[in-house]
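Novice: Can you keep this structure in mind? I'll have questions shortly.
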């Protein structure tokens, strides 16, 4: 009981509460039975004393609601529940989505997180099966079951994860399974703990892979005890093994030299390139090399999305494709699941686009009314031309629903200073959400039309976006407080925005002639 009421000398009252020795609230009703155990009850025992399995299922549905199919921006059922770090894994034609099941935005169990590995799987990214928790908390000392990875070898699924233990820190643990669904924790636990040159505390997010010589490797988020530069000792520790059980510590795999630790790593070979992914401050960065262990090249565009796509990790998928999964935070740690298809360009650089299978269901295109707000604007609900040389021009479609899918082809004539769309607008270009393209800065951002440029937040923008000074295609999804943008099927940007109820879709241009063609607006179902 004391562990439930830390640093609290008040008595633990059943049916009431107390403060400073006085009862301040009480239970009004009838209690006919109280039982206290000196041990934790198993799930099976709780079900039995709660009326049996069928009754437990009925109550579960009443309390948590129906289990919803996984789609883009999905959240687990229940109250204050979120998707945390995602760990996609592909084997034998099945895409497995392991993810940290979060409640209370990492604040459960004294803010250690109380995370557990949840699991769903699909063969086509459309039809999903929800599975029981893959790695649940089963011991009182487990503050959280942290991020990790799965590897399949000789008929066994090995799930490497980190355990976060209060007053101890983080260490590597292992669970195994014969079917990829029912995992059993193994001993010894810890399987591996931080040893010099790594300091105690940070030792998490193990990523396992097998090289072309059959040696297994484990990349672990760690921090050097004595870094060359203060605060910049975060690194990926490197362990090797021939049997996935006994591990030998090698030199650090990479020391990025940035503040904080490189988290939630990912490593894979795709065609002729090797890729290493790690997150700094929750944002995934990548390196590339022609050799399996470097030297690593830092690309011009080293991130996959805006800063709101958190800790993206990837997995192979059917037909040589690669799928990335992240989460979109919702007022703290954890939020909605976010799917991206990874795009590999001819030079080996990576981009992202919306996976076709995860596109939201829509109704037929709307026949919307077109209006002009300034001179130099012409068109209809399919094609709009804005001639705004030396000025700011705006046209609008009206009576637009809140949740929509937009497709449009855009052609700037001279590479204007800025142009774009403004969603959920109202008044005479008074409010809304701008999707603003700035070709000279190679920048795409989500902003308020009346915002001060000084206040514009880089977390709402992506840079080094090629091709904005010529014809490109745009896809936009607006769903509740989420705006998701895909440019030319190569770059994406997602963010949460303050909800507005305007029913106008503005098109704007500044200092240029811009054509918006093949406009299609569909309401989401």
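Novice: Using only the alpha-carbon atoms, how far is helix 53-64 inclined from the longest principal axis of the chain? Give it as 0 to 90 degrees, nearest 10.
Specialist: 40 degrees
Novice: Two decimals is fine: what is log10 I(q)/I(0) at q = 0.09, 0.16, 0.21 Å⁻¹ for the stretch 312-438, from a Debye sum with one equal scatterer on every Cα and no solvent?
Specialist: Log-scaled intensity ratios, in q order: -0.40, -1.04, -1.25.
Novice: May I pose another question? Arrange the following residues from fewest to most other Cβ atoms within 10 Å of their Cβ: 391, 504.
Specialist: Result, fewest neighbours first: 391, 504.
Novice: Further question: Could you let me know the centre-to-centre spacing of the stretch 111-179 and the stretch 281-354, using Cα atoms, in angstrom?
Specialist: For the stretch 111-179 versus the stretch 281-354, the Cα centre distance is 21 Å.
Novice: Quick check on the exposure proxy: order 343, 220 from fewest to most C-beta atoms within 10 angstrom.
Specialist: Ranking 343, 220 by Cβ neighbours within 10 Å, fewest first, gives 343, 220.
Novice: Restricting the calculation to Cα positions, tell me the Rg (one decimal) and the Dmax (whole number) of the stretch 153-214 in Å.
Specialist: 13.3, 40
Novice: Sticking with this one: Using only the alpha-carbon atoms of the stretch 171-275, report the extent along each of the three principal axes, biggest first, to the nearest angstrom.
Specialist: Here the spans come out as 45, 38, 22 Å, largest first.
Novice: Taking the stretch 68-358 on its own, what percent of its Cα-Cα pair distances exceed 29 Å?
Specialist: 28 percent
Novice: Here are a few candidate values for P(r) over Cα pairs in 10 Å bins from 0, in percent: [x] 3, 16, 25, 22, 17, 11, 4, 1, 0; [y] 3, 15, 21, 21, 18, 13, 6, 1, 0; [z] 4, 16, 16, 13, 11, 10, 9, 7, 5, 4, 2, 1, 0, 0. Which one was actually calculated from the structure I just gave you?
Specialist: Checked against the structure: label [x].
Novice: Related question: Describe numerically, in nm with one decimal, the distance between label points set 7 Å from Cα along Cα→Cβ at residue 79 and at residue 359.
Specialist: 3.9 nm
Novice: On to the next question. So what is the 222 nm mean residue ellipticity for the chain from helices alone, if each DSSP H run of at least 4 adds -39500 (n - 2.57) and you divide by all residues, rounding to the nearest 500 deg cm²/dmol?
Specialist: Helix contribution divided over all residues of the chain: -1000 deg cm²/dmol.
Novice: A follow-up question, please. Apply 1/(1 + (r/R0)^6) to the Cβ-Cβ distance of residue 133 and residue 213, taking R0 = 35 Å, and write down the FRET efficiency to the nearest 0.05.
Specialist: 0.50
Novice: Taking a ≥ b ≥ c as the square roots of the eigenvalues of the Cα gyration tensor of the stretch 260-333, is the shape rounded (a/c under 1.5), prolate (a/b larger than b/c) or oblate?
Specialist: Working: a/c = 2.33, a/b = 1.43, b/c = 1.63.
Note, shape of the stretch 260-333 comes out oblate.
Novice: Within 10 Å of each residue's Cβ, count the other Cβ atoms and sort 160, 472, 327 from fewest upward.
Specialist: Details: 160 23, 472 20, 327 27.
Final ranking by Cβ density, sparse to dense: 472, 160, 327.
Novice: Could I ask something else about it? Where the centre of each part is set by its Cα atoms, how far does the stretch 66-102 sit from the stretch 360-419, in angstrom?
Specialist: 36 Å
Novice: Next question, about the same structure. Jot down the radius of gyration and Dmax of the stretch 436-525, Cα atoms only, both in angstrom.
Specialist: 13.4, 38
Novice: With a Förster radius of 51 Å, plug the Cβ-Cβ distance of residue 318 and residue 372 into 1/(1 + (r/R0)^6) and report the FRET value to the nearest 0.05. Walk me through the numbers on the way to the answer.
Specialist: Working: r = 47 Å, r/R0 = 0.92.
Once rounded, the FRET efficiency stands at 0.60.
Laboratory data are not the source of any read-out in this text; all were calculated from the coordinates shown. All values reported here derive from a predicted model rather than from experimental measurement. All Cβ positions, glycine included, derive from the backbone under ideal geometry; neighbour counts span all protein chains shown.
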